[in-house]
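Enquirer: First, the structure itself, so that you have it in front of you.
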Amino acid sequence: MKDTTVENQLRYLYTLQQIDTQLKEVNELKGDLPAIVEELETKVENYKSEVKILNATLKQLKIDRDKADVEILSLAEKIDRYKNQQLNVKSNKQYDALTREIEAAEKKSLQIEKDMESYEGKMETTKRDLEAINEQLQKAINELSERKEELRSVNKEHEKEELKLKHEREKILVRLDKNYIERYERIRKAKGGLAVVPIKRDACGGCFSRVPPQKILEIRQNSKLYSCEHCGRILVSNHIVGTSPEV
């Protein structure tokens, strides 16, 4: 059940900030590992996609090469048949017609042989590319495995603390007004994780800009949510800090 008095809402906001600050510290202990793991996962998927494309290309080149090989054999048989027919023709017209067929078949065969050489050249290039990508893929998989193990180790070390803080955070969120939560999250995102700060020595605890005396008096009333005029962070009184539950 929500306690909607402004004073208690301010306490919840300040407590939420303390929880989020501790969660941030826990995450900072992980260093760049989460980002590194995510980057490596993306790299592995990209390499796998490249391997898939290259394998498909190689398969099609083999099909095209084999088809060309069959066509060359078929044309060779056709040329032999035409030459045998020339031995039995009874007119120059028939002989010339067969000669033209032979020349056309030989020309086509030469073109297909060139195509076949091209297919084989592309196959060799694709095989080399595939070998290089597979090598890079394996390296990325090995590195990803190592980094994941490092991250698991770090997560395990701080797992209980992190779960406790997240549980406390959920308990606070159900007590907070939705509008306050949205405002808090918006400021926290814009200000490097620090949205709620106390007044210290008459200054904002976030940007250290001076807070006017009249505003300090108003903030001490704990009856309204006030923001720093310079950085926009939510300001709370020392009373709120002192009476908020420790995390």
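Enquirer: Which residue pairs have Cβ atoms closer than 7 Å, lie 6 or more positions apart in sequence or on different chains, and pair a first residue in the range 1-27 that is closer than 13 Å to THR243 by Cβ with a second residue that is at pLDDT below 95 and surrounded by fewer than 14 Cβ atoms within 10 Å (Cβ to Cβ)?
Expert: Listed by first residue and then by second, the contacts come to THR15/PRO245.
Enquirer: Looking only at the range 63-77, decide whether some residue is of a type in the set (Asp, Glu), under 30 Å from GLY121 (Cβ atoms) and free of Cβ contacts under 8 Å to residues at least 24 places away in the same chain. Give the derivation first.
Expert: Within the range 63-77, the first condition is being of a type in the set (Asp, Glu), and the residues that meet it are 64, 66, 69, 71, 77.
With the extra rule that they be under 30 Å from GLY121 (Cβ atoms), the set shrinks to 64, 66, 69, 71, 77.
In the following step, the residues that additionally are free of Cβ contacts under 8 Å to residues at least 24 places away in the same chain were identified as 66, 77.
Within the range 63-77 (the criterion being of a type in the set (Asp, Glu), under 30 Å from GLY121 (Cβ atoms) and free of Cβ contacts under 8 Å to residues at least 24 places away in the same chain), the answer is yes, since at least one residue qualifies.
Enquirer: Mind checking whether some residue in the range 75-92 is touching a Lys or Arg at 6+ places or on another chain (Cβ under 8 Å), farther than 30 Å from GLU162 by Cβ and crowded, with 16+ Cβ neighbours inside 10 Å?
Expert: Looking through the range 75-92, at least one residue is touching a Lys or Arg at 6+ places or on another chain (Cβ under 8 Å), farther than 30 Å from GLU162 by Cβ and crowded, with 16+ Cβ neighbours inside 10 Å.
Enquirer: Checking ARG169 against (1) of a type in the set (D, E, K, R); (2) farther than 20 Å from SER237 by Cα; (3) at pLDDT below 95, which single condition isn't satisfied?
Expert: Of everything listed in (1) of a type in the set (D, E, K, R); (2) farther than 20 Å from SER237 by Cα; (3) at pLDDT below 95, ARG169 misses just condition (3).
Enquirer: Follow-up. Going through VAL154, VAL196, VAL174 one at a time, which residue ends up being over 30 Å from LYS52 (Cα atoms), exposed (fewer than 12 other Cβ atoms within 10 Å of the Cβ) and in contact (Cβ under 8 Å) with a residue 40 or more places away in the chain?
Expert: Criteria check complete, one pass: VAL174.
Enquirer: Just one of GLU159, GLU77, GLU150 is assigned to a helix (DSSP H, G or I) and at pLDDT 95 or above; which is it?
Expert: Result of the check over GLU159, GLU77, GLU150: GLU77.
Enquirer: What number of residues within the range 96-136 satisfy the criterion of being touching a residue at least 12 places away in the same chain (Cβ under 8 Å) and within 30 Å of GLN85 (Cα to Cα)?
Expert: Residues flagged as touching a residue at least 12 places away in the same chain (Cβ under 8 Å) and within 30 Å of GLN85 (Cα to Cα) within the range 96-136 amount to 12.
The values are calculated or read from the model by the stated rules, or taken from the named source; none is laboratory data. Keep in mind that this is a model prediction, so the values were computed, not measured. Reconstructed Cβ throughout: ideal geometry from the backbone, glycine too, with neighbour counts over all protein chains shown.
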